[in-house]
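Student: Dumping the structure here so I can ask a few things about it.
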Amino acid sequence: MARPGGRSKALWPTLALPGVAWLFVLFLIPLYVVLAIAFGTLDPIFRSPVPVWNPLQWNFSQAQYVLTHIVGANGFYGPPILRTAEFVVIASALCLLIAYPVAYYVARYGGKRRGLLLVLLIAPFWISYMMRMLAWVNLLQTDGWVNKALSLGGLFPVDINWLNGRPLTVLFGLVYGYVPYMILPLYAGLDRIQPSLLEAARDLGASKWQTFRRVTLPMSKPAIIAGLLIVSLPMVGDYFTNDLLSGSPNTAMFGNLINNAISSPETTAQGATFVILMFVVLLAPMLYYVRSTRAEEGT
Amino acid sequence: MTEEPPVSRRSGLSRRSFLQRGAAAAVALPGLTALLDACSSASSSGSTSSALQIATPATPVKWPIYSGNAPIASGLEPEMNATLNLYNYVDYIDPNALKSFEKKYAKYNVKVSVTTYESTDEALAKIRSGTIPLDIELGLSYDQIGKMVQGRLIQPLNHSYIPNHANVWDAFTNPFYDVGWQYTVPYTVYTTGIAWRDDKVSTNIPALPNPYSVLWDTQYARQVSVLDDARTCMGMVLLKNGLDINTHSTKDLALVLQQLKALNAATQPKVNVTDYQDVPTGVVSVCQAWSGDAINMISYMPTGQSPKVLRYWFPPDGKGEVDNDLMVILKSSKAPVMAHLFVNHMLDYNVALKNFGAIGYQPPQTRLNVADLVSSGFIPANLSTAIVQPEWFNVGYRILELPPAVDAEWQAVWQEFKAGAH
Amino acid sequence: MTSTQVAAPAVAAPADHARAPRRSLMGWWRDPWRKPRLLEAFTWGYLLWSLAPVAIAVLFSFNAGKSRVSWQGFSFRWYWGDPNLSVWHDPSLHTALRYTLFLGVIVTAVTVPLGVAFALGLDRWRGRLPSFWNFQMLLSFVVPEIVLGIAVFFLVTNVGPLRNTIGTTSQVLGLVTFQLSYPVIIVRARLLTIGKEYEEAAQDLGASPLGALRRVLLPLLYPAIFASTVLVFADVIDDFVIVRYLSSTAATEPVAVKIYNTARGAPTPALNALATCLLAASLLAVTVGYLAYRFVSRGEGEKAGIDSFASQI
């Protein structure tokens, strides 16, 4: 078996090189720029950030300001961050509760309709997120269909304004927006469970619930975790759902803190600190996801 | 499909590989630093003098003309095939004004397009941060003029292209913020007050001892909005307490913060600039509003509902926030002659009057007789308080520029309010 | 699945609903072979909840009046009828639509080849260095978009030569970075199942490594490549965070940003019409991609179904 030996070894690094260069310049370096701005100085007139590239000259006053205003007596940045955690946990749990039965049904009982069901489930991926939110903005208006339905066509006066800053509306929007992202990983994971295993459990005397609890659920655990991560990580950085469905500082999320800070030149450096903070806070789940993916790949 | 491989303990970062990579990064870092330093040199954040000159009515300022920023020469031909990029608030210019300009100068094949911003802070950040091809900014006020001039962001005007400036009120020939109108022309004049729908608000707001306090009234919880502008909104809180709206005092700012937090707790207001749509459509019942917004609300009333329910309050003695917006030409403009001609076009009486009708904001045109506005039916009687009287400019309070350190304190309060603190 | 259903009749009578005597509710509940009516209802209920609002929004784009909630008759006013506000006549709307599709095509055209090459390189190249870059690539997949968007925004606005690229160029740069991981992950997953035998056989028959790659491996990868093309395109035309931070003038604002800017006020159904146009465009793209996928996988029999398409993602 003659192999061209050394010459083939250069092919693969060469193929990977453009990707490597791209990631270096447009992923790693920008992250460093964020550090340079967060720990940089401010222009005296505009108070806009001036990046400081040399780590030895970094100035931590802006970062300190942000960190000391998260908890404690002055801690006004704390509540939005806490609120984001609450929203994300609740919304992710709700997404799971909705997505799991649907994925289970399609995977196990889809049968002939499986193709159609999958098309309908994948549909939200190519419907713009903004359009889906716009659809609900229309429905949730004071004279919109939701209020019309609740008032049963005019029988009861329903005067609820859903869009005036309710956490419930934002939560609803998050669940609606992100639940499609959870269905596919769950479907893929549940699909992989061989029906013969379930039959075997049944043959051994397990009831339906016992089979579910002791065979299906544990075997779908990696898919559940993957789905939760895929849904919760982007949700942490979401700010536009709150802007569209609420617009009130009372439902401000972590992403809104960052977006507001970046919008004004004087607070851009603080925004950079928030970005670093978000990255650090999410590092553990991100690393966990990366590690489990690499384990699957065997790298 | 075979079973999945067991999770490898060796995947992920081991301590040795972490240290190795750390060492490699430490070696690469100085090189990277030097490279970035070289790349980000002169053009980026070169700020000029370290002291910001502040203009006040008591201390008017005549801005210098900097050497690298001279006005364009007179008598030049307008540029061909130019696209003028306007930077403006949403719905703050009449689309027909743009079309009539394009028609007037059709032989130069000019096109006008509008890019929008949400707040003047955001606009300043965008103009300063990149070479976005913008030509004219409208809707900014003179509380940023010093920064824009000293930061070389706007260019001085050549008056020979703008003869229509003779149409505006005398007060704008030598305004305190730009003596000799070297950099700015006025766009609109307006006041800041409270707007509401009479059928949704039972309180008699003008009769209250302190009408501003209606925004804190819990019976209107979640039906309230305030303007997304730090100086305007915080200025209102200062006025509510009888304090100076350009205060430098930390104690005053602490009081403002306390009352803004109370506002969040009491009525959870929205913070935006879409009040001119929100009030007519019933999304909010009472809000802080600019006078032009109140007039603009008329065209957003849903069909079947009368605009007679709209109301606006401003202190009858004129002692409230009174301001005017400016038009400036950005230094980075690629078609400065055309930009001058556009500014001139907007100062034309007929164009300005039509613009008034479209956006609701009053132009400071001398031919416009404010006394006739109601009787001629241009403005309905229920919104007569939204008309800006010229004499208010003598007694009203103007929002002035702040020194950077004080501005930072104001911004800190504003960020805390916008983060939902209560 | 079929084996289960075949086995069922062999079990006692309760499986045969039609002829059995009326059973109690508990009997029905406990029957392990009953049809999953609850789950089925739940699934269709979910699909209704998920898709009906969008259908309503599409419906109201054909509304004859200005309202987005009360139906006033059918008309194409907001598509081309209204001389000022319709998608056809309002330059800000149709520019946004054209720009979105343009951005989608350009970014996909850059991302997919780059990603496929990257995937091949990472998969076959052994060592610590590719392992590190694989890690970085996966990290770029899970990082929230706002972090990446702001990081690229800072890069572009603070490093001298790049400042003029704000607008289309930097949007493309940012989007490619954000999307790069999709083709890489999809192609690598496919590579895992393909294995090395085909290439080795080709090389044994005298092909060079590059030739084996081109004529054996790549055709085997076409399904994954098409799946990732469709996915990247659909994701790019929907993108909001990155394109908003890196936009310059209104001409570089895609539909998502337009909807965001306008929806918070009192928009007309023209916005619904714009969103529907984009929906139609992406539907077309996905259909074309799927048909191409089927065409390319036609040799693989059963595997060329929608579920294998879905499982690539």
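Values in this text are rule-based calculations from the coordinates and carry no lab data. Note that this is a predicted model, so its numbers are computed, not measured. Note that each Cβ is placed from the backbone with ideal geometry, even for glycine, and that neighbours are counted across all protein chains shown.
Student: Give a residue-ordered list of calculated ³J(HN,Hα) values for region B:379-391 (Karplus: 6.51 cos²θ - 1.76 cosθ + 1.60, θ = phi - 60°; whole Hz; x for Gly, Pro).
Tutor: The phi angles translate into 10, x, 4, 5, 10, 5, 5, 8, 6, 8, 8, x, 5 Hz.
Student: Calculate, for A:S196 and A:L97, the FRET efficiency according to 1/(1 + (r/R0)^6) with r their C-beta to C-beta distance and R0 25 Å; round to the nearest 0.05.
Tutor: 0.35
Student: For labels at B:A381 and B:D317 in the simple 7 Å Cα→Cβ model, what's the distance in nm?
Tutor: That separation, rounded to one decimal, is 2.8 nm.
Student: Give the aspartates and glutamates whose C-alpha is closer than 16 Å to that of A:K9, dropping any in the same chain fewer than 8 places away, or say none.
Tutor: C:D123, C:E199, C:E200
Student: Could you tell me the ratio Rg/Rh of region C:36-75? Both radii from Cα atoms, Rh via Kirkwood.
Tutor: Computed over Cα atoms, the ratio is 1.25.
Student: In percent, how large is the relative contact order of chain A, given Cα pairs closer than 8 Å and 6 or more residues apart?
Tutor: 24
Student: What list of ³J(HN,Hα) values in whole Hz, one per residue of region A:64-71 in order, does the Karplus curve 6.51 cos²θ - 1.76 cosθ + 1.60 (θ = phi - 60°) give from phi, with Gly and Pro shown as x?
Tutor: Values per residue, Gly and Pro as x: 4, 4, 5, 5, 7, 9, 9, 10 Hz.
Student: Moving on. Under a straight-distance cross-link criterion of Cα-Cα below 19 Å, which lysines are reachable from A:K112, leaving out those fewer than 8 residues away in the same chain?
Tutor: Those lysines meeting the cut-off are C:K35, C:K303.
Student: In Å, what is the Rg of the alpha-carbon atoms in region B:75-121, and how long is Dmax?
Tutor: 12.4, 37
Student: What ranking of A:M131, A:M219 emerges when the number of other C-beta atoms within 10 Å of each C-beta is taken as an exposure proxy, fewest first?
Tutor: The fewest-first ordering by Cβ neighbours comes to A:M219, A:M131.
Student: Would you compute, for the Cα atoms of chain B, the largest minus smallest coordinate along each principal axis and list the three values in descending order, in whole Å?
Tutor: Principal extents (Cα only, largest first): 84, 62, 56 Å.
Student: Taking the Cβ of B:D198 as the center, what net charge do the other residues with Cβ under 10 Å away carry, scoring Lys and Arg +1 and Asp and Glu -1?
Tutor: +3
Student: Cα extents of region A:126-225 along the three principal axes, largest first, in whole Å?
Tutor: 57, 32, 22
Student: Right, here's the next one. Obtain the nm distance between the two label points defined at B:S74 and A:K9 by a simple spin-label model: each point lies 7 Å from its Cα along the Cα-to-C-beta direction.
Tutor: My value for the distance between the label points is 7.8 nm.
Student: Taking amide H atoms as placed 1.01 Å from N in the peptide plane, list the residues 5 or more away in sequence, or in a different chain, whose amide H sits under 5 Å from that of B:M327.
Tutor: For B:M327, whose amide H was placed from the backbone, the distant partners under 5 Å are B:V185, B:Y187.
Student: Same structure again: Efficiency by 1/(1 + (r/R0)^6): what FRET value for B:S213 and B:S100, r their Cβ-Cβ distance, R0 = 41 Å, to the nearest 0.05?
Tutor: After rounding, the FRET efficiency stands at 0.40.
Student: Short version: what are the Cα gyration tensor semi-axes of the protein assembly as shown, square root of 5 times each eigenvalue, largest first, in whole Å?
Tutor: One finds semi-axes of 53, 36, 27 Å for the protein assembly as shown.
Student: For region C:36-75, what's the relative contact order in percent, using C-alpha pairs closer than 8 Å and at least 6 residues apart?
Tutor: 24
Student: A follow-up question, please. Counting only C-alpha contacts under 8 Å and six or more residues apart, can you give the relative contact order of region C:91-312 as a whole percent?
Tutor: In percent, rounded to a whole number, it is 32.
Student: Tell me, B:E102, B:E416, B:E77, A:E266 in order of fewest to most beta-carbon neighbours within 10 Å?
Tutor: B:E77, B:E102, B:E416, A:E266
Student: In whole Hz, with x marking every Gly and Pro, tabulate ³J(HN,Hα) for region B:188-197 from phi via Karplus 6.51 cos²θ - 1.76 cosθ + 1.60, θ = phi - 60°.
Tutor: With the stated coefficients, region B:188-197 comes to 9, 10, 7, 10, 10, x, 10, 10, 7, 9 Hz.
Student: Would you list which aspartates and glutamates come within 15 Å of B:K334, measuring only between C-alpha atoms, while excluding same-chain residues fewer than 8 positions from it?
Tutor: B:E77, B:E79, B:D135, B:E137
Student: At a 10 Å Cβ-Cβ cut-off, how would you order C:D204, A:D191, B:D217, fewest neighbours first?
Tutor: Ranking C:D204, A:D191, B:D217 by Cβ neighbours within 10 Å, fewest first, gives C:D204, B:D217, A:D191.
Student: Any idea how far the Cα center of region B:290-316 sits from the one of region A:223-247, in Å?
Tutor: Here the two parts' Cα centres lie 38 Å apart.
Student: Helix-only estimate, please: 222 nm mean residue ellipticity of chain C, summing -39500 (n - 2.57) across DSSP H runs of length 4 or more and dividing by its residues, to the nearest 500.
Tutor: Theoretical 222 nm ellipticity from helices: -21000 deg cm²/dmol.
Student: Here's a follow-up. When the Kirkwood radius is taken over all Cα pairs of chain A, what Stokes-Einstein diffusion coefficient follows at 10 °C and 1.306 mPa s, in µm²/s?
Tutor: It diffuses with D of about 69 µm²/s by this estimate.
Student: Could you list which residues have their amide H under 5 Å from that of A:L42, counting only those 5 or more apart in sequence or on another chain, with H placed in the peptide plane?
Tutor: A:V50
Student: Kindly provide log₁₀ I(q)/I(0) values, in the same order as q = 0.09, 0.16 Å⁻¹, from the Debye equation applied to equal alpha-carbon scatterers of chain C.
Tutor: Relative scattering, expressed as log10 I(q)/I(0), comes to -0.68, -1.28.
Student: In this model, which of B:K62/B:K147; B:K103/C:K66; B:K147/B:K270; B:K104/B:K354 are farther than 23 Å apart at the alpha-carbon?
Tutor: Over 23 Å apart, Cα to Cα: B:K103/C:K66; B:K147/B:K270.
Student: Now a separate question. Could you work out how much longer the chain between B:T303 and B:Q182 gets when fully extended? Use 0.36 nm per residue separation minus the Cα distance between them, nm to one decimal.
Tutor: Contour length minus Cα-Cα distance gives 39.0 nm.
Student: Still on this structure, I have one more. Decide, for region C:236-283, between rounded, prolate and oblate: order the square roots of the alpha carbon gyration tensor eigenvalues as a ≥ b ≥ c, take rounded if a/c falls under 1.5, and otherwise choose prolate if a/b is larger than b/c, else oblate.
Tutor: oblate
Student: Please give the FRET efficiency for C:R37 paired with B:A221, using the beta carbon to beta carbon distance and R0 = 41 Å, rounded to the nearest 0.05.
Tutor: That gives a FRET efficiency of 0.40.
Student: So how strong a dipole does the protein assembly as shown carry about its Cα centre when Lys and Arg Cβ are +1 and Asp and Glu Cβ are -1, to the nearest 20 debye?
Tutor: For the protein assembly as shown, the charge dipole is close to 3760 debye.
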